[in-house]
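The values are calculated or read from the model by the stated rules, or taken from the named source; none is laboratory data. Only a predicted model underlies this, so the values are computations on that prediction, with no experimental measurement involved. For neighbour counting, all protein chains shown are included, and Cβ atoms are generated from backbone atoms with ideal geometry for every residue, glycine included.
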Amino acid sequence: MCGIVGYIGEKQAAPILLEGLEKLEYRGYDSAGIAVFDGTEIHAKKSMGRLKILSELTHGGETLPGTTGIGHTRWATHGAPSDMNAHPHFNQDKTIAVVHNGIIENYMKLKKKMQDKGYTFKSETDTEVIAHLLDYYYKGDALETITKVMHRVEGSYALGIIFKSEPDKLYAVRKDSPLIVGKSNIGNLIASDVPAVLKYTRDVYFIENEEIVCMTKDDIQFYNIDEEELEKQPATIEWDIDAAEKGGYEYFMLKEMYEQPQAVSDTINPRIKEGKIVIDELGMSDEEIRQIRKIYMIACGSAYHTCVSAKYVFEGLARIPVEVDLASEFRYRHPIYEENTLAIIVSQSGETADSLAALREAKEHGVRVLGIVNVVGSSIAREADNVMYTWAGPEIAVATTKAYSTQLIAHYLLAMKFAQARGTADEKTITEMVKDLKKLPGQIEMLLENKKKIQKFANRYLATEHVFFLGRGLDYAISLEGSLKLKEISYIHSEAYAAGELKHGTISLIEEGTLVVAVATQEELYKKTLSNIQEVKTRGAFVMAVTNVGNTEIEKTADYVIYLPKTNPYFTNSLAVIPLQLFGYYVSLGKGLDVDKPRNLAKSVTVE
Ligand code: AGP
């Protein structure tokens, strides 16, 4: 999605803006631009393509002198990627510049009205409407102008705005798209996300919906839509700056895969006290947990896959019905809400538009909402009734790995907590499971050491066009994730199938040499999966199997076997995912693709 930055202070703004935008590159973009006030005029430079081009065009920012400015990386939603459609956008006499992340849903209606009033538009974007609306309402009071525009526009926005007539101020405003403010000793900054300001400050304000920021080089004020001043406290960001850098790995994705043991451990440990599961942030007593009759689990993409896994764990362990939904489906399918329901919204970024909308839909119907979120202070984290953070740290690669793994941990902990409270698992069971849980980081670390072996295997499949992932129960759930990991970063078509379903059609696609990845960790389903492997083998498939150590008979059927260390059957997805992540990573690497920033994808999908 788009990224916005802004700076006002003692230093030259342009180099700071360019650096900040670089830290937001992971959000995906196709063009970029900056605007700087030089004391007399607001000058801008915008260009298609990577930030490097913009930096070269501005000689690293030198051609745009001035200490107040805004910047933008654009992920096109309205209007194709082009220099003209790149932000910042201006009003006609270039006295107001604006950058925007989000979508103005009523922009066509507003654009028509502005054109009828004589305004001419240069771009195809929804954002330009904001620039002209600001112009239309501006009578000398920027704050009043901004609130008037807020009342007119519908949709989502994080805006950075500079007014030529208010040269010592920078404004920002937020509704539904993320926005943070950084207070530093070189001046004040705005950005879409924390990494853009970490070089200058750890003191960050998270902006709520319909809050307006007015900042000078020394001061920051916050207002609501009624122009009432607000008191806000900054959060202190613990992330080291290198935590958002690559740290010596070739790609963020590999770095983040190797951070999984620590991330899993950080997510488990604060929630185990004297061998018991303690989840204070859940905000529910055991009695309230016992009242819950149904759980919705709602998310997108990989986060959704963790919900598919969680259904098996929750229903198996806590004996509570779980309904899993894609957020984009949930928000429009008019669910039949019942009493004593809990909705769990899972999201790494906490800003996924469909997941946020599903959260609001559930809340509107009186459903209690728990967020499982990685980004502190994100919208889903703030709007859920309670939030259980996954302590994965910043995840930059578009393809999620450590956030996915910590989401699984959060699900396990919740299921164990619910089982504890509902008495569906006795103390001995929980104690044994806690022991297995605590072994996972070490086991993940051990599996990561397989990387060379998996890279060798992956290099044999760089030219393959189709891959099928199979499994039953939890093995089906992890097949979904393995398939997504492969296709989103290698651009190879792959599908995940419940192993028992293949014969109902798709097996017709299996031919000589087709690669099939079969996951067989669930002992009670192992024989069944083995027969599914035989089915595809007889049709010529090449089978890579992922199974538990000791199941050596599978070598009679599968062509290539990866063994996982023993763990609780409910936890096997946390181990099986490691070779599948490595496989996808090394196929993408072998194809010479941009592993961290795959084509067409964004790290956080903050629009529908
Ligand atoms: C996973 O590798 C993808 N990047 C994508 O499916 C992602 O999981 C999905 O967009 C949900 O994002 P969220 O967890 O930030 O809500």
* Among the residues of segment 292-306 satisfying the criterion of being crowded, with 16+ Cβ neighbours inside 10 Å and not in a strand (DSSP E or B), which is farthest from the ligand (Cβ to nearest atom)? -> I292
* To do: For V324, indicate whether it is within 15 Å of the ligand (Cβ to nearest atom), at pLDDT 95 or above and under 27 Å from A397 (Cβ atoms).
  => yes
* Which numbered condition A415 misses (of (1) within 28 Å of T567 (Cβ to Cβ); (2) within 14 Å of the ligand (Cβ to nearest atom)) -> (2)
* Sole residue being within 21 Å of T127 (Cα to Cα), in contact with a Pro (Cβ under 7 Å, 6 or more places away or on another chain) and surrounded by 15 or more Cβ atoms within 10 Å (Cβ to Cβ), chosen from H43, H72 -> H72
* **For S405: the one exception among (1) under 16 Å from the mean Cα position of the chain (by Cα); (2) of a type outside the set (D, E, K, R); (3) more than 11 Å from the ligand (Cβ to nearest atom); (4) closer than 24 Å to F206 by Cα** => (4)
* Matching option when the condition is in contact with a strand residue (DSSP E or B) (Cβ under 9 Å, 6 or more places away or on another chain), away from the ligand (no atom under 16 Å from the Cβ), closer than 25 Å to S574 by Cβ and of a type in the set (A, V, I, L, M, F, W, C), among L515, L480 -> L515
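Residue-wise test of (1) part of a strand (DSSP E or B); (2) among the β-branched types (V, I, T); (3) without any contact (Cβ under 8 Å) to a residue 60 or more places away in the chain; (4) farther than 24 Å from D226 by Cα.
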site	(1), (2), (3), (4)
H151	no, no, no, no
L159	yes, no, no, no
I162	yes, yes, no, no
P167	no, no, no, no
K175	yes, no, no, no
I190	yes, yes, no, no
K199	no, no, no, yes
* To do: May I ask you to verify whether G423 is away from the ligand (no atom under 16 Å from the Cβ) and either closer than 30 Å to T506 by Cβ or at pLDDT below 95 (or both)?
  => no
* Structure fact -> Over segment 327-365, the set of residues assigned to a helix (DSSP H, G or I), of a type outside the set (S, T, Y) and within 15 Å of the ligand (Cβ to nearest atom) is A327, E329, F330, A353, D354, L356, A357, A358, L359, R360
* **Only one of A415, A425 that is outside any helix (DSSP H, G or I), out of contact with any strand residue (DSSP E or B) (no Cβ under 8 Å at 6 or more places or on another chain) and hydrophobic (A, V, I, L, M, F, W, C)** => A425
* Within the set of pairs 6+ apart or on separate chains, which have a first residue in segment 501-522 that is in contact (Cβ under 8 Å) with a residue 24 or more places away in the chain and within 22 Å of L474 (Cα to Cα), a second that is small (G, A, S) and part of a loop (DSSP other than H, G, I, E, B), and C-beta atoms under 8 Å apart? -> L515/A541; V516/A541; A518/A558; Q522/G473
* **Candidate set from segment 378-395 (those that are within 11 Å of the ligand (Cβ to nearest atom) and not in a helix (DSSP H, G or I)); member that is nearest to I409 (Cα to Cα)** => T390
